[in-house]
Each structure stands twice: as C-alpha cells, then as structure tokens.
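The values are calculated or read from the model by the stated rules, or taken from the named source; none is laboratory data. Every value quoted in this text rests on a predicted model; they were computed, and no experiment measured them. As a convention, Cβ positions derive from the backbone with ideal geometry for all residues, glycine included, and neighbour counts pool all protein chains shown. The area values use the complete protein model at the heavy-atom level, side chains included, leaving out ligands, DNA and RNA. Shrake-Rupley method; radii C 1.70, N 1.55, O 1.52, S 1.80 Å.
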Amino acid sequence: ESWAHQLSPRGFEMFAKPAAQKAIKIMKDKYPDVPVIYFANGGSSYLELQRDMGCDMIAVDWAVDMAEARKILGPDVAISGNLDPTVLFGSKEQIEQAVRDCIDKAGGPGKHLLNLGHGVMQGTPEEAVGWLVDECKRYKGKDA
C-alpha cells in the first residue's frame with residue numbers, strides 16, 4: 001500500500017484495508033502456496049489494524065521500533081523489516097549493530113525476515129549492502 005502514509009487509521013480501515021484484503025484473498029485463492037507479504041508504507045502507526053489482513057507476513061517500515069511492532073502484532077504474526085535505509089550510510093560497525101538490534105527486538109533469529117524498512121536509497125554504498133547481508137547470515141542471536 002504505497003499511499004498508506006496519507007491515510008488516517010479510520011481511512012485505512014474504511015478504504016485501503018478492505019481493498020487490500022480482497023486482493024490478498026484473490027491471490028491466495030489462485031496461488032495458495034505463494035507467500036503474500038503486506039506492506040503499508042507509513043502504516044506503522046496502525047499496525048493493530050493489520051493483524052487480520054489475510055497475508056502470510058506483515059512488513060513494517062522504520063518509523064516503528066521493531067520491539068513495539070512485535071508487541072503490537074504479537075508473537076504469531078510473521079513480520080518483516082525494518083531497518084532504516086539511512087543506516088547503510090553508516091560505518092560497518094553501525095550497520096552490524098543495527099542488524100543485531102533489529103533481529104533481537106523481533107524475537108531473535110528465525111522470528112522474522114530482516115530487510116530495510118523501505119528499499120535501498122540512491123547513492124547507498126554497495127559495500128554497505130554487503131555488510132548488512134553478511135551480518136544477517138552471521139548473527140545467531142544474543143544468546144549464541
């Protein structure tokens with residue numbers, strides 16, 4: 001939902017949510033084994049309205065703390081996100097720490113799909129993307 005940030009929670013619930021749920025149902029009916037991830041750009045202020053979208057995973061942007069997103073969505077909702085894309089302009093150490101923090105706040109390795117909150121920004125150093133990917137592969141959790 002590219003324009004979710006333009007909607008109030010009531011507007012989302014009245015207009016965008018029913019349309020998205022209809023689209024998700026059509027996809028799931030035709031392709032039941034294909035995972036569907038729902039992303040409402042800027043919709044992190046009303047995550048509680050997204051729990052029942054009918055999708056396989058909810059993606060969240062970086063405007064909400066991952067621990068808060070996990071708390072709102074609950075432990076049984078698959079979640080994706082939510083590193084701030086600007087972190088990729090930081091140092092290797094800052095990127096690695098941001099990866100670890102996000103994974104831990106989501107519940108630990110295997111509890112969510114880590115990615116950026118909304119894409120790679122123009123001008124992002126390619127090396128920084130590599131550091132992010134490498135740390136995602138390497139990190140086994142704070143208790144490992």
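This table checks each residue for (1) at pLDDT 95 or above; (2) open to solvent by less than 50 Å² (accessible area, probe 1.4 Å); (3) touching a strand residue (DSSP E or B) at 6+ places or on another chain (Cβ under 9 Å); (4) over 27 Å from G11 (Cβ atoms).
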{"site": "I72", "(1), (2), (3), (4)": "yes, yes, no, no"}
{"site": "G81", "(1), (2), (3), (4)": "no, yes, yes, no"}
{"site": "G90", "(1), (2), (3), (4)": "yes, yes, no, yes"}
{"site": "A106", "(1), (2), (3), (4)": "no, yes, yes, yes"}
{"site": "A128", "(1), (2), (3), (4)": "yes, yes, no, yes"}
| field | From G43, G54, residue being open to solvent by less than 10 Å² (accessible area, probe 1.4 Å), under 24 Å from E13 (Cα atoms) and in contact with a helix residue (DSSP H, G or I) (Cβ under 9 Å, 6 or more places away or on another chain) | value | G43
| field | Exclusive hit being over 20 Å from A4 (Cβ atoms), part of a loop (DSSP other than H, G, I, E, B) and within 15 Å of the chain's Cα centre (by Cα), set G123, G110, G141 | value | G110
| task | Test P32 against the stated conditions and say whether it is free of Cβ contacts under 8 Å to residues at least 24 places away in the same chain, over 30 Å from L132 (Cβ atoms), in a loop (DSSP other than H, G, I, E, B) and open to solvent by 30 Å² or more (accessible area, probe 1.4 Å). | result | yes
| What are the residue pairs meeting all of these: first residue in segment 77-90, first residue closer than 20 Å to G108 by Cβ, second residue in a loop (DSSP other than H, G, I, E, B) and acidic (D, E), Cβ atoms under 7 Å, and 6 or more apart or on different chains? | A78/D56; G81/D61; N82/D61
| note | Pairs returned, first residue in segment 59-70 that is charged (D, E, K, R), second residue that is part of a loop (DSSP other than H, G, I, E, B) and open to solvent by 70 Å² or more (accessible area, probe 1.4 Å), beta-carbon separation under 7 angstrom, 6 or more apart or interchain, are D61/H118
